[in-house]
1. Take the range 78-103 and flag every residue that is within 15 Å of the chain's Cα centre (by Cα) and either open to solvent by less than 30 Å² (accessible area, probe 1.4 Å) or over 28 Å from HIS144 (Cα atoms) (or both).
2. Pull up the range 150-160, narrow it to residues that are modelled with pLDDT of 95 or more and open to solvent by 60 Å² or more (accessible area, probe 1.4 Å), then point me to the one that is farthest from VAL102 (Cα to Cα).
3. Considering the range 104-137 alone, what residues qualify as being β-branched (Val, Ile, Thr) and open to solvent by 50 Å² or more (accessible area, probe 1.4 Å)?
4. Which of the residues belonging to the range 139-149 are aliphatic (A, V, I, L, M) and surrounded by fewer than 17 Cβ atoms within 10 Å (Cβ to Cβ)?
Amino acid sequence: MVAGRRIRFTAVLVGVVFALTGFSSSGHGHGSKSKGSGSGGGCSSSKKKSTYHSNNNSNNSNGGGKSTPSPSKSAGPPAHAQVVTCAGPGSPKAVLRVTSDVDKQGTVDVPMTFEGANGVVDRTSVRVTLKARETQTVTAPMIHDDKAADVKTCVVGRID
């Protein structure tokens, strides 16, 4: 009876692995489904381990939900920035507070748009190297500093 449960568990596990790896839509290994699960490379092997551990931890479908937040966290920008002071008459620059959102040192480009009553006045970008979770105050000088008097708003773009 234990052997029957083990076979059923293995069959379900193989089905889940195939479903998670997209085996049927990959176009590889038409007649070798049993080989596909064991020799599918790092991705299949990795997903198989993840599925196996998730099933052991919860014995239901909640295990799949545990791995979902991790990719979405890493998909976010590596840093964020706030405008401390904006450019204006006599001040052709913006001061920004840039904060790292990751756990390692990295360099980011912070895009800055200087907007006026009639649209975009100027654009620039500031390169900042941040340690893990560090905050720095940096200056974003206008390229066309003669247009500083036209600036009404400073907008930080998406940091990639």
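The values are calculated or read from the model by the stated rules, or taken from the named source; none is laboratory data. As the structure is a computational prediction, the values presented were derived from the model and not from experiment. Because the Cβ atoms are built from the backbone with ideal geometry, glycine has one as well, and the counts that use them run over all protein chains shown. Surface accessibility is based on the protein's heavy atoms, side chains included, excluding ligands, DNA and RNA. Shrake-Rupley method; radii C 1.70, N 1.55, O 1.52, S 1.80 Å.
1. Residues satisfying the conditions are PRO78, ALA79, SER100, ASP101, VAL102, ASP103.
2. ASP150
3. Correct list: THR107, VAL120, THR129, THR135, THR137.
4. Residues satisfying the conditions are ILE143, ALA149.
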